[in-house]
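Shown next, in structure tokens, is the structure this report addresses.
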Amino acid sequence: MMRLFRLLAVAGLLMVSGLADTGSGTAHAASMETFRQGGWNGHAYTDDNSGLFNTCVASANYRSGISLYVQVDTGYNWAIGFSAPHWNMKVGADIPLQYRIDRGAWQQGVAKATSTNLARMQMPQDGYIITRFRRGRTLYVHDGSYNYEFRLTGTSRLMARMAKCVERNSARFGAAPAMNAGAATSGGLGSAPPAQAASPASPAADAQLAVEATQALFNLMGGAGLSGLKLLPDGQREEDLNGLHAVAADEARTVVAHIFAPGSYSSEQELMSLVVADSQQSCTDGSFSSGSEKITEGGKEIYTSYADCETGDHELIERVAIIKRKAGGVFIYGVADTYVGEGGGAPISPPELTDPDFYASAAEAAE
């Protein structure tokens, strides 16, 4: 559950030179700006025919000989690409992939070979991937035969630099239509119109949301009578909790509050289904049960879920509440309780928190 909260939106994109194609197969690209951000080399491209700016692309090379690409177009649509000089793919072929970041749930994707040694994969516009990409440590990709790992070093600053690249060059050269405008993109994966695409959150926007979520978290804990939990800043948390807007924890209980801004997710139902699916995939060696429902609390509609993973003398119970935010988007509140019996080491048991108390406090937390 906590891992999935870290994922935010990435939309589909095409790669330049193979990657700087607009999707029509006819456009040509000229590099008008180069930049370096950490270990990433970036370029801004305009279309040779129209002279309009259409995309920014950054790449990083790995010891494996494989390069990883990230691209942003004028509508802030995203994709990633992979290339290696020794690959020999059939141009136009679809390549089913599985991918995940850190210990998140495996996601399904399809890459298309745009040349014999380069493939690009559109990312789902489901409200998750951008923050995990920015905050995560490792991207794992499996093509059915081989596993690939990519260290995500410096991606937080890279994303901010890519957004600046788009803004600057759109103003300088004018913006070409976003690549997902009009017909569906190649690979059979359609995209939402540009107005629905989620631009990367800036550091300032992240900070504002963090302040709001932290206040809501304090309200939640006060309303539910939760005490003794320590507020944990980014960098002082377990890896899976970095990137969340607000986290408080002790050895037995973790409470989180996170805000999904408008346009950064598809639906509350999809958010919840991914949260529950991630909990299930994380319960690899135990018995698992879960459920979800919509309730009304204090005149507000709340989408709730629980997930229970029991392994021997260890039990993890996760509860989630999704509530609409007045400023748009949603708050997600989560409570993860760990129980350890005498056979699992020192016994651990958090103080009782009933579902009615949790949901009532969540309904009032953002007031």
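The number of residues in segment 96-122 that are open to solvent by less than 40 Å² (accessible area, probe 1.4 Å) and either not aliphatic (A, V, I, L, M) or not in a loop (DSSP other than H, G, I, E, B) (or both) comes to 16. When segment 328-349 is filtered for residues that are over 16 Å from ALA307 (Cβ atoms) and not aliphatic (A, V, I, L, M), the ones remaining, listed by number, are GLY328, GLY329, PHE331, GLY341, GLU342, GLY343, GLY344, GLY345, PRO347, SER349.
Within the set PRO351, PRO347, the sole residue that is modelled with pLDDT under 90 and open to solvent by 60 Å² or more (accessible area, probe 1.4 Å) turns out to be PRO347.
Of all residues in segment 67-79, which are at pLDDT 90 or above and open to solvent by 10 Å² or more (accessible area, probe 1.4 Å)? Of everything in segment 67-79, those that are at pLDDT 90 or above and open to solvent by 10 Å² or more (accessible area, probe 1.4 Å) turn out to be SER67, TYR69.
Look at segment 268-280: where a residue is in contact (Cβ under 8 Å) with a residue 60 or more places away in the chain and a partner is open to solvent by 30 Å² or more (accessible area, probe 1.4 Å) and charged (D, E, K, R), sitting 6+ places away or on another chain with Cβ atoms under 6 Å, you get ASP278/ARG3. Among the residues of segment 69-87, the one identified as of a type in the set (Ser, Thr, Tyr), farther than 16 Å from PHE133 by Cβ and assigned to a strand (DSSP E or B) is SER83. Looking across SER282, SER287, one residue alone is more than 22 Å from LEU231 (Cα to Cα), of a type outside the set (D, E, K, R) and surrounded by fewer than 16 Cβ atoms within 10 Å (Cβ to Cβ). It is SER287. Close Cβ contacts (under 8 Å, 6 or more residues apart or on different chains) running from residues in segment 53-76 that are without any contact (Cβ under 8 Å) to a residue 40 or more places away in the chain to residues that are among the β-branched types (Val, Ile, Thr) and open to solvent by less than 10 Å² (accessible area, probe 1.4 Å) comprise SER59/VAL70. Applying a threshold of 8 Å to beta carbon distances and a minimum spacing of six or more residues, or different chains, the list of pairs starting in segment 302-316 at a residue that is farther than 16 Å from SER282 by Cβ and ending at one that is of a type in the set (Val, Ile, Thr) and open to solvent by 60 Å² or more (accessible area, probe 1.4 Å) reads ILE302/THR296. Please indicate, with yes or no, whether at least one residue in segment 88-95 is in a strand (DSSP E or B) and modelled with pLDDT of 90 or more. Yes: segment 88-95 contains one or more residues that are in a strand (DSSP E or B) and modelled with pLDDT of 90 or more.
The values are calculated or read from the model by the stated rules, or taken from the named source; none is laboratory data. Quick caveat, the model's predicted, so the values are computed rather than measured. Neighbour counts run over all protein chains shown; Cβ positions are idealised from the backbone, glycine included. Keep in mind that these areas ignore ligands, DNA and RNA; they rest on the heavy atoms of the full protein, side chains included. Shrake-Rupley method; radii C 1.70, N 1.55, O 1.52, S 1.80 Å.
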